[in-house]
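Read the structure below first, then the notes.
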Amino acid sequence: MKLSSYIPVALLAVSALAACSDDLENVENRVYDTSSHYPATVLIDGMANESTQTFTVNMANKMTEDVSVTYQVDNSLVEAYNLIYGANAVALPAENYELVQPTATFLAGAVTSSNVEVKITDLLSLDRNLVYVLPLTVVNSTVPVIESQKTRYIVVRGAALINVAPNIANNYASLVSPDNASGLNGIKDLTIQCLLYVEEFGGSDSNIQSIMGIEGTFLFRISDSGLPADQIQLACSSNATDASWTFPAKKWSAITFTYEGATGNVTMYLNGVKKGTAKAPSNLTVNWGNDSFYVGKSWNDNRWLNGMISEARVWNRILSDAEIANADQPYFIKVPADGLVAYWKFNEGAGTLIKDYANGYDLNLASDPKWTEVSLPE
């Protein structure tokens, strides 16, 4: 008899479920985009010059016909972005984006759309110290869009220009195809550049640690017999160095050397600042396009570089003081560049092959290095 008292309650519950089901079926359909609350980010990393961004949107209920949702850039929403996210962004210039596909399409019966596609272009022309934003908002839809999810933001900002570098202690790099590296030969005026992080000076015969070149003809190396362990020397037919050619251990340093063939002047720059000039023989010709050229080795395997290297470059002209002093220049350059013969970024992050971005004069490391995460400039 007690059971009968629960029957009306059960019937009410069933009725309520049926009513809720009817209500859900009758809810007005909506397009929604929950990911719109999380702006997409494109990083200006000094390498990629463009980035393609894609996204889809969703719909609550299936439709028997196709549905389209069209986006448009609306720079009046930059202020809204800054208020929402506490930012100080500026509008991405029109020349730096292309709406490749502004319309998301739901085919009949689908609840997920096709891709909207936006291409961010000419990234290297942008100021890395600014934050840019591209607001994309719905301007037309055959099904209503949830108001708070109508706008997508793409943020473009600077990033670390260098994120990984190899420690080449007990290692070295040589040309993969020296016979095809003719551009490294016959150089009368030379500029070399690299970023160096030395763990500790000394430790090998005569305290020598090799940077790049060929022993006995034209080699940039750290120290020698009778020199301080942190002083760089040009080893050639008559060695050249200067007391100012020093740099610290356990710190990244931007090293530049220029050699003027007509005068024999060799000048060192440290972090963009001219340090000192020494005298080497004049009219020397640099011929590095052969199997005796190394990065991180000379004469024997004991003269390795005890640390990391990045952004190694060879130019067949003398860079100006202004070029060398440019704050970003040590960390990336656009290619092609006037007089740039070889450009080894040492940023692969895996393996032993080191790509040359200038002329394809790739290097190969003798063994797998210890790839290390870095963030440069610091």
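Cβ-Cβ contacts under 6 Å between residues 6 or more apart (or on different chains), taken from a first residue in the stretch 149-177 that is farther than 21 Å from Ala48 by Cβ to a second residue that is among the charged types (D, E, K, R) and not in a loop (DSSP other than H, G, I, E, B), are listed as Asn167/Lys370.
Considering the stretch 191-222, the residues that are in contact with a helix residue (DSSP H, G or I) (Cβ under 8 Å, 6 or more places away or on another chain) and of a type in the set (D, E, K, R) include one that is farthest from Leu363 (Cα to Cα), namely Asp205.
In the stretch 176-192, the count of residues that are at pLDDT 95 or above, touching an Asp or Glu at 6+ places or on another chain (Cβ under 8 Å), polar (S, T, N, Q) and outside any loop (DSSP other than H, G, I, E, B) is zero. Per the listing Ile354, Ile333, the residue uniquely among the hydrophobic types (A, V, I, L, M, F, W, C) and closer than 21 Å to Tyr259 by Cβ is Ile333. Evaluated against (1) open to solvent by 10 Å² or more (accessible area, probe 1.4 Å); (2) farther than 16 Å from Ile324 by Cβ; (3) without any contact (Cβ under 8 Å) to a residue 24 or more places away in the chain; (4) of a type outside the set (Lys, Arg), Glu215 falls short on exactly one condition, (3). Whenever a residue of the stretch 272-297 is closer than 23 Å to Val341 by Cα and of a type in the set (D, E, K, R), its partners that are open to solvent by 20 Å² or more (accessible area, probe 1.4 Å) and part of a loop (DSSP other than H, G, I, E, B), lying with C-beta atoms within less than 7 angstrom and at least six residues away or across chains, give the pairs Lys297/Tyr172; Lys297/Trp304. Would you be able to tell me the number of residues in the stretch 295-331 that are closer than 20 Å to Trp371 by Cβ and open to solvent by 30 Å² or more (accessible area, probe 1.4 Å)? Count: 3.
Scanning the stretch 228-237 for residues that are modelled with pLDDT of 95 or more, in a loop (DSSP other than H, G, I, E, B) and among the small types (Gly, Ala, Ser) yields one hit, Ala229. On the stretch given as the stretch 332-374, residues that are open to solvent by less than 50 Å² (accessible area, probe 1.4 Å), aromatic (Phe, Trp, Tyr) and either at pLDDT below 95 or touching a Pro at 6+ places or on another chain (Cβ under 8 Å) (or both) total 2. Checking each residue of the stretch 211-227 against the condition of being among the charged types (D, E, K, R), within 29 Å of the chain's Cα centre (by Cα), closer than 28 Å to Asp328 by Cβ and in a strand (DSSP E or B) gives at least one match.
Here Asn96 passes the criteria (1) open to solvent by less than 30 Å² (accessible area, probe 1.4 Å); (2) without any contact (Cβ under 8 Å) to a residue 12 or more places away in the chain except the one numbered (2). Among the criteria (1) closer than 15 Å to Tyr172 by Cα; (2) part of a loop (DSSP other than H, G, I, E, B), the one Gly289 does not fulfil is (1).
Over 28 Å from Ser320 (Cβ atoms), of a type in the set (A, V, I, L, M) and open to solvent by 10 Å² or more (accessible area, probe 1.4 Å): does that describe Ala229? Here the answer is yes, as Ala229 does meet what is asked.
Scanning the stretch 266-285 turns up no residue that is surrounded by fewer than 20 Cβ atoms within 10 Å (Cβ to Cβ) and closer than 22 Å to Tyr172 by Cβ. Just to be sure before I move on: is Phe257 of a type outside the set (D, E, K, R), open to solvent by less than 10 Å² (accessible area, probe 1.4 Å) and within 25 Å of Ser375 (Cα to Cα) in the structure I sent? Against the criterion (of a type outside the set (D, E, K, R), open to solvent by less than 10 Å² (accessible area, probe 1.4 Å) and within 25 Å of Ser375 (Cα to Cα)), Phe257 qualifies. Beta carbons closer than 7 Å, at least 6 apart along the sequence or on distinct chains, pair a first residue in the stretch 109-133 that is touching a residue at least 24 places away in the same chain (Cβ under 8 Å) with a second that is assigned to a helix (DSSP H, G or I) and open to solvent by less than 30 Å² (accessible area, probe 1.4 Å) for Ile120/Asn96; Thr121/Asn96; Asp122/Asn96; Leu126/Asn96; Val133/Val78; Val133/Tyr81. For the stretch 321-354, a residue qualifies if it is within 26 Å of Asp301 (Cα to Cα) and out of contact with any Phe, Trp or Tyr (no Cβ under 7 Å at 6 or more places or on another chain), and the qualifying residues are Trp344, Phe346, Asn347, Glu348, Gly351, Thr352, Leu353. If you go through the stretch 166-183 one residue at a time, do you hit one that is over 30 Å from Asn300 (Cβ atoms) and either aromatic (Phe, Trp, Tyr) or open to solvent by 60 Å² or more (accessible area, probe 1.4 Å) (or both)? No - not one qualifying residue is present in the stretch 166-183.
Only a single item in (1) modelled with pLDDT of 95 or more; (2) within 17 Å of Tyr197 (Cβ to Cβ) is not met by Pro377, and it is number (1).
If the condition is being closer than 22 Å to Arg30 by Cα, of a type outside the set (S, T, N, Q) and under 29 Å from the mean Cα position of the chain (by Cα), then the stretch 75-113 contributes only Pro102.
The values are calculated or read from the model by the stated rules, or taken from the named source; none is laboratory data. All of these numbers come straight from a predicted model, not from anything done at the bench. Quick reminder, even Gly has a Cβ in these numbers, built from the backbone with ideal geometry, and neighbours come from all protein chains shown. Protein only, heavy atoms only, side chains kept; ligands, DNA and RNA dropped before computing areas. Shrake-Rupley method; radii C 1.70, N 1.55, O 1.52, S 1.80 Å.
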